[in-house]
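The values are calculated or read from the model by the stated rules, or taken from the named source; none is laboratory data. Predicted model, so just to flag it, every value in this text is computed and none were measured. Cβ coordinates were reconstructed from backbone atoms using ideal geometry, including for glycine residues, and neighbour counts include every protein chain displayed.
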Amino acid sequence: MDKVKEAQSQDLPLRTMKAQVSAGLRTDYVIRDDGSLAMGSKLCVPDIPELKNEILEEAHSSAYAMHPGSIKMYHTLKDHYWWKGMKREIADFVSKCLICQQVKPVRQKTAGLL
């Protein structure tokens, strides 16, 4: 989370939003006690592909996660993080996971009567 907080200070759109929240112009976001910007209880992640990929990798490949599908992974991450297009990026990330592709059962239509 410290990486996200540091990255927020480098991201112009989030810095602008943070200034608007401080000025009372935006009420849909909050500034946490640690100075990070959040949407409700969800930490706002800047549009930095490396940072988002690190979050996705940890949520998908950690020993505790065990390669969840995109729906389960989204439901886990949405309680803690927010970024624009998050659901789509999670689905793309999971669809490109080689281990998931190898292990996922193939769903074929059952053959008709011979």
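On the given criteria, is Ser62 small (Gly, Ala, Ser), under 25 Å from Lys96 (Cα atoms), out of contact with any strand residue (DSSP E or B) (no Cβ under 9 Å at 6 or more places or on another chain) and crowded, with 17+ Cβ neighbours inside 10 Å? Steps first, answer last, please.
Values: small (Gly, Ala, Ser): yes; under 25 Å from Lys96 (Cα atoms): yes; out of contact with any strand residue (DSSP E or B) (no Cβ under 9 Å at 6 or more places or on another chain): yes; crowded, with 17+ Cβ neighbours inside 10 Å: no.
No: the conditions fail for Ser62.
Residues in the stretch 88-114 that are at pLDDT 80 or above and hydrophobic (A, V, I, L, M, F, W, C): Ile90, Ala91, Phe93, Val94, Cys97, Leu98, Ile99, Cys100. So in the stretch 47-93, with the set limited to residues that are within 10 Å of the chain's Cα centre (by Cα) and assigned to a loop (DSSP other than H, G, I, E, B), which one is nearest to Asp2 (Cα to Cα)? Only one residue fits best here, namely His80.
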